[in-house]
Amino acid sequence: LRDAAVGMVSSNLALQWINNPERAFAEFRRVLEPGGLLMFSTFGPDTLKELRAAYRDIDRHTHVNRFIDMHDIGDLLVHAGFADPVMDMEYITLTYRDVRALMRDLKAIGAHNMTAGHRPGLSGRATLAAVERNYEPWRRDGRLPATFEVIYGHAWVPRPRATADGKPIIPIKVQG
């Protein structure tokens, strides 16, 4: 897209798969026109905290993606040149009868481990058995929880305050 080509960009649960969020926000900023709006949702660091804990100390590999804190996302927006960023979050907890059902759901939505240091290939039976054992202390009312920290944000591309030759722009609104 050319510079300043669109009035709004919306990104729903895609930013967490991008390895370079700084570049993504810079591109959003580039294609948005002055006064344009960026709206997005993504996952925060508490996403799949139970699964991450179940994998802890099993091996030296990372098994669950790392997600950016909403405060850091706000900082990235400001750094990219956005104005008035607004961030919010909520926890959504799904429950499963077992760890394998959770893993099937994650696979079905296309989620996969993008972190540096992830294990190449599939985990073995011993690893899966250890994860199942380690996940059990989280069980409540016969179900295993899977927490998703969903972050919502929006920010605006500021309108210029001066012309290219440095003259101030003073907006005038007609009431009537």
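Bear in mind that the values in this text are calculations on the coordinates, not laboratory data. Fair warning: this is a prediction, and the values are worked out from it, not measured in the lab. In this analysis, Cβ positions are derived from the backbone assuming ideal geometry, glycine residues included, and neighbour counts consider all displayed protein chains.
Mind giving me the nanometre distance, one decimal, between the label points for L128 and D88, set 7 Å out from Cα along Cα→Cβ?
Going by the 7 Å Cα→Cβ label model, 4.0 nm.
Within the set of other residues whose C-beta is less than 12 Å from the C-beta of Y152, count the net charge using Lys and Arg as +1 and Asp and Glu as -1.
-3
Leaving out same-chain residues fewer than 8 places away, which lysines sit with a Cα under 19 Å from that of K107?
In chain and number order, the partners are K49.
What's the ranking of 76-82, 93-99, 42-48 by average number of surrounding C-beta atoms within 10 Å, highest first?
Averaged packing, sorted descending, gives the order 42-48, 76-82, 93-99.
Of F40, L76, L1, which is farthest towards the positive pole of the chain's charge dipole, taken about the Cα centre with +1 and -1 on the beta-carbons of Lys, Arg and Asp, Glu respectively?
Towards the positive end, the residue furthest out is L1.
About its Cα centre, how strong a charge dipole does the chain have in debye, to the nearest 20, once Lys and Arg get +1 and Asp and Glu get -1 at the Cβ?
400
Which of these values of Rg and Dmax of the Cα atoms in Å was calculated from the structure shown: (i) 21.2, 74; (ii) 17.7, 64; (iii) 19.5, 59?
Among (i) 21.2, 74; (ii) 17.7, 64; (iii) 19.5, 59, the one derived from this structure is (i).
Measure of size requested: the Rg and Dmax of the stretch 7-54, with Cα atoms as the atom set and Å as the unit; please supply both.
For the stretch 7-54, the Cα-based Rg and Dmax read 13.7, 46 Å.
Taking only the Cα atoms of the stretch 45-97, how large is their convex hull per residue, in Å³?
Convex hull volume per residue, Cα atoms: 97 Å³.
Angle, helix 70-79 long axis vs. longest principal axis of the chain, Cα atoms, 0 to 90°, nearest 10?
Its long axis makes an angle of about 30 degrees.
Which whole-number percentage describes the relative contact order of the stretch 55-176, with Cα contacts under 8 Å and a sequence gap of 6 or more?
40
Give the percent of DSSP beta bridges with both residues in the chain that are antiparallel, rounded to the nearest 5.
For the chain, the DSSP antiparallel bridge percentage is about 75.
For helix 99-108, what angle does its Cα long axis make with the longest principal axis of the chain, in degrees from 0 to 90 and rounded to 10?
Once rounded, one gets 40 degrees.
Testing the spin-label approximation: label points 7 Å from Cα along Cα→Cβ at D46 and R139. State their distance in nm.
Here the answer is 2.4 nm between the modelled labels.
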